[in-house]
Amino acid sequence: MATKKGIIITVVVLAAISGASFVVWFLPQNHGSSVMVSDYKSELDSVKERHSLIMTDTESSLNGLLDKSVSPDNFTSQAQISSSQVTSLITEMVESNPPAEWKQSYGAYYESLKKYNDYLAETISLANKIKAGAPSSDISNEITKLDSLKKESDTLASESNQTRP
């Protein structure tokens with residue numbers, strides 16, 4: 001009762017599943033990598049520089065969102081990419097495992113990055129409110145919240161600078 005075409009399709013599907021299983025089995029697994037840092041000052045400066053670039057880009061996009069030259073959907077996409085980049089910076093700082101004399105400075109900048117990621121999440125919330133046509137009072141409240149998060153992030157970054165060895 002089985003047709004020749006049905007048997008061939010079944011064999012091809014089984015072969016594909018078996019092949020994929022062997023590929024997964026034989027590919028080397030990533031068992032975690034570590035970052036070896038020898039110059040903690042340069043590493044922190046590098047993270048700060050990349051963070052600065054992300055902030056400049058986000059600020060430009062946010063201004064475009066507010067003056068309606070950037071659509072809420074485009075802004076949301078850009079903010080999600082920025083958030084992913086900030087998350088990578090956070091991971092890089094955690095994996096660098098600084099020595100005791102750098103821990104306080106790195107810790108403050110780590111917290112600054114986390115707060116900036118909160119800021120980015122709120123900018124996405126703002127874009128969604130704009131897209132939904134929220135009243136101007138809601139948008140104004142959201143902007144006030146954004147300013148507060150940005151100031152907290154900036155304060156923690158200044159603390160990082162002040163605690164450098």
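The values are calculated or read from the model by the stated rules, or taken from the named source; none is laboratory data. This structure is a prediction, so every number in the text was calculated from the model and none was measured. So basically every Cβ, Gly included, is an ideal-geometry build from the backbone, and we count neighbours across all protein chains shown.
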Flag if S125 is over 17 Å from H51 (Cβ atoms), touching a residue at least 12 places away in the same chain (Cβ under 8 Å), of a type in the set (S, T, Y) and surrounded by fewer than 19 Cβ atoms within 10 Å (Cβ to Cβ): yes
Options V35, V23: the member that is under 30 Å from I124 (Cβ atoms), at pLDDT below 70 and not polar (S, T, N, Q): V35
Test: residue in segment 42-52 that is of a type in the set (D, E) and touching a helix residue (DSSP H, G or I) at 6+ places or on another chain (Cβ under 8 Å): yes
Test set (1) buried (at least 19 other Cβ atoms within 10 Å of the Cβ); (2) over 13 Å from the mean Cα position of the chain (by Cα) - K151 fails condition number: (1)
Members of segment 69-109 that are aromatic (F, W, Y) and under 19 Å from T58 (Cα atoms): F75, Y109
